[in-house]
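The values are calculated or read from the model by the stated rules, or taken from the named source; none is laboratory data. In this text, all values refer to a predicted model and were calculated from it rather than measured experimentally. Because the Cβ atoms are built from the backbone with ideal geometry, glycine has one as well, and the counts that use them run over all protein chains shown.
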Amino acid sequence: MERQLYRWIYSRSVYPLYHSIIRSGALRRIRELDLHDRLSRDELGKIEQEKLHSLLLYARSNVPYYRNVIPADILSDPAGIDDDAFRAIPILTKDVIRRELQGLVSESLEGNRLDANSTSGSTGSPLTFFTDTRSKSYRKAAVVRNRRWLGIEVGDPVARLWGSAIDEKRAESFRGCLHSRVTRELFLSAYRLDDAHLASYASRIRQHKAKLLIAYPSVLVEFGRFCHRNSLDLPSLEAIICSAECLHSHQREAIENYLSTPVYNRYGCREVGDIAHEVPDSEGLFVNSDRIHIEIIDSAGKPCVPGEVGDILVTDLDNYGMPLIRYFIGDRGSWSPGTGNHGRLPYPVLEKVEGRSLDLVVCPSGNRVGGTFWTILLRNRPGIENFKVVQMSLHSLCIEFTRLQDAPEIDYAYFREKIAETCGPQMNVEFKEVSNLSASPGEKFRLVVSEVRDAVSDGDDESRSLQ
């Protein structure tokens, strides 16, 4: 009763007042996207095409890079874009963004503020980009809508078992603590996964009465195993969202068994926000197609048929400040054949997404370090283009990397210092420069690989309890 009362007060007064004060535009976008759930597929497709046409028209008129690559003839029909003409626009890669960064920014922002951001994404290769205010408001709205699909409303208590160091510092600041109190969002660091911290997390989630838990799959398996082994229940949880890594079927099964809570996969990236989301009693991931235009292409650049796995290209329909059009995200996936249960929602459905695979690194101190620690750490200093972390034993790991062309000397001392702070001084770290990084034929590329993780986890005494 108390939770429902707070949610009612928060959703009708605190949340609207906050977004009105900061003029985020999120309230209007939430109302707009909520209406789309009730549309037919044809009506939703028309909105997607109109937004795509408007974005291309704007980009060709106001963004130097696109002025040279978007053909004028594809903009002749405001009701839609010819597919063949659209595919004539060059694919946007990370290398192109690095080379053409300033030319990808709009010359006519008209008060549309830009915020700088960065990511390492699926490959570990660092990338700087900009997100505008308009896109950020739509991102917030998509998050609210996707959570509502799971029965989670604005104001419901949420726990986030996440990284990065920036998020952790922000959460521990006075402003962060105040924000957490008001929004009922509890932040728990995925960088601290020793037994003492895991026990503390379970206790804090219970006290917080979290209805939703958000975390990386690899971290959730470890947390769930710990809770199960020590008979720690989390009775308030109604849904778990996995994101930022590829969710494998064995991980989903383990998490649901350990925590007795349904698990939903969320697919997104820092560059464009939430792309697609699983929904209760349905198969596949529902694409936020009024926000993101998706293509899945084969090696020849042609559209894949449903069920065929290909490369995913995304177009953010709302980021006018730095348009990302036909952006090669680095993941692979397939469209649903359409024979499964897709429920009442009109959005297109991804059958599956293949991409990031990040193991936990097990430290001599007992801590366990999630994969995003490495992606964030290794982009904090220039020099490294792509990398792969391989843990050979409990006390040793190797970071294989390719060097950015014309980059300054790599700050190995900084990296070793930060790794020692998180993994402990007993961890031996070797840096190994290689000419290229790729998976073996027929295998997925794994960014962080721990050869000791399974042995250590499987050797745990499942009957051991906390003292």
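Miscellaneous remarks
- Pair list, Cβ < 8 Å and 6+ apart or interchain, from segment 38-56 residues that are assigned by TED's automatic domain parsing to the domain that holds R145 and more than 13 Å from N288 (Cα to Cα) to residues that are surrounded by fewer than 17 Cβ atoms within 10 Å (Cβ to Cβ) and among the charged types (D, E, K, R): H53/D77
- Inside segment 84-96, residues that are touching a helix residue (DSSP H, G or I) at 6+ places or on another chain (Cβ under 7 Å) and either crowded, with 19+ Cβ neighbours inside 10 Å or part of a loop (DSSP other than H, G, I, E, B) (or both) make up a count of 3.
- Within segment 234-251, considering residues that are outside any strand (DSSP E or B) and at pLDDT 95 or above, the one surrounded by the fewest Cβ atoms within 10 Å (Cβ to Cβ): P235
- Condition check for Y65: in a helix (DSSP H, G or I) and crowded, with 19+ Cβ neighbours inside 10 Å: yes
- Selection within segment 243-299 - within 11 Å of the chain's Cα centre (by Cα) and charged (D, E, K, R): E245, R266, R270, E271, D274
- Set side by side, the residues S365, S334 differ, and just one is crowded, with 20+ Cβ neighbours inside 10 Å and of a type outside the set (D, E, K, R), which is S334.
- Selection count, segment 394-421, where residues are modelled with pLDDT of 90 or more and either surrounded by 14 or more Cβ atoms within 10 Å (Cβ to Cβ) or acidic (D, E) (or both): 16
- Helices (runs of 4 or more DSSP H) contained entirely in segment 158-211, each with at least 1 residues that are at pLDDT below 85 and aliphatic (A, V, I, L, M): 165-172, 174-183
- Hey, V369 modelled with pLDDT under 90 and touching a Cys at 6+ places or on another chain (Cβ under 9 Å) or not: yes
- For first residues located in segment 286-315 and in the same structural domain as V143 (by TED's automatic domain parsing) and touching a residue at least 12 places away in the same chain (Cβ under 8 Å), partners that are surrounded by fewer than 21 Cβ atoms within 10 Å (Cβ to Cβ) and small (G, A, S) and lie 6+ apart or on another chain with Cβ distances below 6 Å form the pairs I296/G310; I297/G310; D298/G310; C304/G310; G307/S334; E308/S334; V309/S334.
- S299 vs. criteria of a type in the set (S, T, N, Q), more than 30 Å from A196 (Cα to Cα) and at pLDDT 95 or above: no
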